[in-house]
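I have placed the structure first, in the form of structure tokens, so that the comments after it can refer back to it.
The values are calculated or read from the model by the stated rules, or taken from the named source; none is laboratory data. Small disclaimer: the values here were computed from a predicted structure and weren't measured. Cβ sites come from the backbone with ideal geometry, for glycine too, and all protein chains shown count toward neighbours. Remember, those area values only see protein heavy atoms, side chains included, never the ligands or the DNA or RNA. Shrake-Rupley method; radii C 1.70, N 1.55, O 1.52, S 1.80 Å.
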Amino acid sequence: MASFVTEVLASSGKLEKDDLASKISKLSRKVDETKEELSDMINKKYNEFIPSMDAAEELMDQVEAVSKDIDLLKSFIENEVWDTVTEYAKLKQQLEKNTAVISMLQHLQEFDTAMEEYHKTLQEKKYEAAAKQLGKARGSVEALKAWKDSELPLLKALSSEITVQRENLIYHLGEEWKKLAVWKLPPAKGESNSFLTTALHLNSGESKEDKHTPNHLLSSVLQALVIQGELHKKIKLFGQVLLKYMLKPLIMYPSLLVEVGEQLEQGTVLSLHSEENQVEHPAPAEVYTKILIVLKTLHEHLFGTSIDDKKVSAILGDQIWEEMSDCIIRECLLYSIPTNSSQLAAYDTVIKETEDFENHLKDMGYLSGDSTDLLKYARNVNCHFASKKCQDVIVAARKLMTSEMHNTVKISPDYKLAIPKLPNLGGGSREKQEVKRSGHCDQQILENEKQLGQRTLCLPVCRISESVQQLMELAIKTLSEAVGSSPQCGFQLFYTTRNIFHLFYDVVPTYHKDNLLKFPHLAAIQHNNCMFLAHHLLTLGHQFRPHLPLKDGVAYFVDLVPGFRRLGAQCFVAQMNVQKAEMLERLSTARNFSNLDDEDNYSAASKAVRQVIHQLKRLGKVWQDVLPVNIYCKSMGTLLNTAISELITKIMMLEVGRGQRASCTGVLQ
């Protein structure tokens, strides 16, 4: 093609205005013709799918030649001084328009070149290069969309081609991913034995002769997934399957073990097998070892030799860590928490094992940052020990409260709570220290002439539920644990002991409500139970106060005493009211003791009295060995008084009636 610049420039170096205008007009026609031909070619190739490689190359050469001519002409025009500014401004505007058209044609050329390279690299399984070329093609289309004069049908065809080829690339990447990690899964529903069929085949395609040879295919696939924004989706699905069918079963079932093997055609294989193990919950060290085997194998054969050092491992770690750590805490660490304070020192081993476990995961890139929730849980053993202990205590207490009440034990004035030996305080108790500070140490001054008896303030002889006795022993045991624990643990255990008695106050009257009204024997036992608890709550706090990490002014248990006394009294008074009502109902069938000469009236009155006497005798037998003597006498006396008062009232009514009838007879006479 002849150079337009050669034709435009005169040999003398001067360019006439008219001649320049004609040349630019000629150049514009050439640009328009080139644009039409190139657009027609692109339409045929990506819209009508007609092969035209030779014509496309010829047009590309033509575009490049015209582009060079325009650049030279533009440079010349800008460097020349024109006399007529308006005329040459129009010429320059026309030239800029032509330049814009050429720029669009160059983007089309870049698109076509990128797509050719994309198809070539895709066939060669150079997925990273294919993804980059597809990105260049997409960039060219986006650049074309920015021009206002872009032809809409052509852009639609190009955009559609980009979308189709992207889905095609993602499909190929998915197929390659399936070859890299092949799962063999157990049936949908099953127990621990069903997981024995689980296996993961890792065929990374590495060199058989030298396993240290870089795995270009694996890296290319993963990098292409990153470029297409599909890597997180693939890792998320992979992580879900890994958690459900391999990691969680290894955590939950102590009998399951993981095995790493090599197969000639299938590469590295992760599989599960079982061995006899009677342990209900696995030890943390065993769980950590099994998880590290799985994740280390994945890191070495699938992720570790790929893109951006540990990037894929970090993505997988983000997907599985939270759920996996929750499962470890729930199935393993929770059951390794010490059950008594003497085991706390041995728990330091578990903390060290957890730290090592997380450090290994950080080295492989699965974790980043400082301590996680798993390590925080392991380190916070004192709090978990107290929480677990408190939970166990409350469960045991509630079980005692809902057990049968009629199994009783006899309490004598000599009965004492079995309080364990508490550690000696260096300066003595608070009371003794206060006495020493005040200087009142003279025993002769403190002694009184009259001394209290040995059984003063002792609980009277009665019977209480065996479960209540055990409940008080549980409370004392819990307080003893609080004495030898850390301040935080001791604080929790103390308030758990208080919660035991709060729970008794709420649970027992509700759970045994019907029986307490129906059976007078149980009502008497409940009365004694409440008085027994109230009696010992008076002094329980003082016995442990010097050894508990609590501030002065805490009420301990004394504030609970009035409530328990009231609860016991209300229960027994309610039973007394039931007995009174039954007694009055029986006496109401005596026909007011009138006309006892009549055989039927006499029989009814006699039956009512016998029933009341029988009721009193029955209550006497039931209550005599249960209630304290003074309470027994008062209650039986009250009921007897009720019966006698009712009899006297009815007899007095008969006498009043007879007197009134006699007066009426005298008046009539």
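Among the residues of region 579-587, is any touching a residue at least 60 places away in the same chain (Cβ under 8 Å) and either of a type in the set (D, E, K, R) or closer than 19 Å to GLN469 by Cβ (or both)?
Filtering region 579-587 for residues touching a residue at least 60 places away in the same chain (Cβ under 8 Å) gives 579-580, 583-584, 587.
Retained after the next criterion (residues that are either of a type in the set (D, E, K, R) or closer than 19 Å to GLN469 by Cβ (or both)): 580.
Yes.
Among the candidates ALA590, ALA604, ALA581, ALA608, which residue alone is of a type outside the set (Lys, Arg) and within 60 Å of the chain's Cα centre (by Cα)? Spell out how you get there, then give the answer.
Working: ALA590 fails: within 60 Å of the chain's Cα centre (by Cα); ALA604 fails: within 60 Å of the chain's Cα centre (by Cα); ALA608 fails: within 60 Å of the chain's Cα centre (by Cα).
Among ALA590, ALA604, ALA581, ALA608, only ALA581 is of a type outside the set (Lys, Arg) and within 60 Å of the chain's Cα centre (by Cα).
Please enumerate the residues belonging to region 555-577 that are of a type in the set (A, V, I, L, M, F, W, C), within 41 Å of the chain's Cα centre (by Cα) and surrounded by 13 or more Cβ atoms within 10 Å (Cβ to Cβ).
PHE557, VAL558, LEU560, VAL561, PHE564, LEU567
In region 259-290, how many are at pLDDT 80 or above and either farther than 16 Å from SER336 by Cβ or among the hydroxyl-bearing types (Ser, Thr, Tyr) (or both)?
14
Name the residue, out of GLU473, GLU481, that is farther than 30 Å from CYS633 by Cα, open to solvent by less than 60 Å² (accessible area, probe 1.4 Å), touching a residue at least 40 places away in the same chain (Cβ under 8 Å) and not small (Gly, Ala, Ser).
That would be GLU481, the only listed residue that is farther than 30 Å from CYS633 by Cα, open to solvent by less than 60 Å² (accessible area, probe 1.4 Å), touching a residue at least 40 places away in the same chain (Cβ under 8 Å) and not small (Gly, Ala, Ser).
When region 223-281 is examined, which residues are found to be in a helix (DSSP H, G or I) and open to solvent by 60 Å² or more (accessible area, probe 1.4 Å)?
Those that are in a helix (DSSP H, G or I) and open to solvent by 60 Å² or more (accessible area, probe 1.4 Å): ILE227, HIS232, LYS233, LYS236, LEU237, GLN240, LYS244, MET252.
Looking at ALA605, ALA590, can you tell me which residue is surrounded by 11 or more Cβ atoms within 10 Å (Cβ to Cβ), at pLDDT below 80 and within 30 Å of PHE572 (Cα to Cα)? Step through it out loud before you land on a result.
Details: ALA605 fails: at pLDDT below 80.
That would be ALA590, the only listed residue that is surrounded by 11 or more Cβ atoms within 10 Å (Cβ to Cβ), at pLDDT below 80 and within 30 Å of PHE572 (Cα to Cα).
I'm trying to understand the selection: among the residues of region 295-304, which are buried (at least 18 other Cβ atoms within 10 Å of the Cβ) and either touching a helix residue (DSSP H, G or I) at 6+ places or on another chain (Cβ under 6 Å) or basic (Lys, Arg) (or both)?
Once the filter is applied, which keeps residues that are buried (at least 18 other Cβ atoms within 10 Å of the Cβ) and either touching a helix residue (DSSP H, G or I) at 6+ places or on another chain (Cβ under 6 Å) or basic (Lys, Arg) (or both), region 295-304 yields HIS299, PHE303.
Tell me the residue from PRO460, PRO487 that is over 20 Å from SER403 (Cα atoms), surrounded by fewer than 20 Cβ atoms within 10 Å (Cβ to Cβ) and modelled with pLDDT under 85, please.
On the way: PRO460 fails: modelled with pLDDT under 85.
Being over 20 Å from SER403 (Cα atoms), surrounded by fewer than 20 Cβ atoms within 10 Å (Cβ to Cβ) and modelled with pLDDT under 85 holds for just one of PRO460, PRO487, which is PRO487.
Filter region 393-404 down to the residues that are in contact (Cβ under 8 Å) with a residue 24 or more places away in the chain and part of a helix (DSSP H, G or I) and list them by number. Spell out how you get there, then give the answer.
Of region 393-404, the ones in contact (Cβ under 8 Å) with a residue 24 or more places away in the chain are 393-394, 396-398, 400-404.
Of everything in region 393-404, those that are in contact (Cβ under 8 Å) with a residue 24 or more places away in the chain and part of a helix (DSSP H, G or I) turn out to be VAL393, ILE394, ALA396, ALA397, ARG398, LEU400, MET401.
Could you pull out the residue among LEU400, LEU422, LEU417 that is within 30 Å of VAL629 (Cα to Cα) and modelled with pLDDT under 80? Outline the logic, then answer.
Details: LEU400 fails: modelled with pLDDT under 80; LEU422 fails: within 30 Å of VAL629 (Cα to Cα).
When all the criteria are applied, what remains is LEU417.
Given the criterion in contact with a Cys (Cβ under 7 Å, 6 or more places away or on another chain), free of Cβ contacts under 8 Å to residues at least 60 places away in the same chain and in a helix (DSSP H, G or I), identify the matching residue among ALA534, ALA523, ALA569, ALA574.
Details: ALA534 fails: in contact with a Cys (Cβ under 7 Å, 6 or more places away or on another chain); ALA569 fails: in contact with a Cys (Cβ under 7 Å, 6 or more places away or on another chain); ALA574 fails: in contact with a Cys (Cβ under 7 Å, 6 or more places away or on another chain).
Just one listed residue meets the conditions, ALA523.
Give the residues of region 617-652 that are in a helix (DSSP H, G or I), within 60 Å of the chain's Cα centre (by Cα) and surrounded by 16 or more Cβ atoms within 10 Å (Cβ to Cβ), sorted by residue number.
LEU619, VAL622, TRP623, ILE631, TYR632, SER635, MET636, LEU639, listed by residue number.
Being open to solvent by 50 Å² or more (accessible area, probe 1.4 Å), among the polar types (S, T, N, Q) and touching a residue at least 40 places away in the same chain (Cβ under 8 Å) is the filter here; which residues of region 493-520 pass it?
Once the filter is applied, which keeps residues that are open to solvent by 50 Å² or more (accessible area, probe 1.4 Å), among the polar types (S, T, N, Q) and touching a residue at least 40 places away in the same chain (Cβ under 8 Å), region 493-520 yields ASN499, ASN515.
Name the pairs whose Cβ atoms lie under 8 Å apart, with the first residue in region 242-268 and more than 17 Å from ILE293 (Cβ to Cβ), the second open to solvent by 50 Å² or more (accessible area, probe 1.4 Å) and outside any strand (DSSP E or B), and 6 or more positions between them or separate chains?
Close Cβ pairs (under 8 Å, with a partner that is open to solvent by 50 Å² or more (accessible area, probe 1.4 Å) and outside any strand (DSSP E or B)) amount to GLN266/ASN203.
Go through the residues of region 229-246 one by one and say whether even a single one is modelled with pLDDT under 85, among the small types (Gly, Ala, Ser) and out of contact with any Asp or Glu (no Cβ under 7 Å at 6 or more places or on another chain).
Checking region 229-246: at least one residue is modelled with pLDDT under 85, among the small types (Gly, Ala, Ser) and out of contact with any Asp or Glu (no Cβ under 7 Å at 6 or more places or on another chain).
Regarding CYS390, is this residue surrounded by fewer than 16 Cβ atoms within 10 Å (Cβ to Cβ), among the hydrophobic types (A, V, I, L, M, F, W, C) and either modelled with pLDDT of 80 or more or not in a loop (DSSP other than H, G, I, E, B) (or both)?
Answer is no for this residue.
From the list SER342, SER325, SER336, exactly one residue is of a type outside the set (D, E, K, R), open to solvent by less than 50 Å² (accessible area, probe 1.4 Å), out of contact with any strand residue (DSSP E or B) (no Cβ under 8 Å at 6 or more places or on another chain) and modelled with pLDDT under 85. Which is it?
SER336
Filter region 58-104 down to residues that are modelled with pLDDT under 65 and acidic (Asp, Glu) and give me whichever is most open to solvent (accessible area, probe 1.4 Å).
Going through the qualifying residues, I end up with ASP83.
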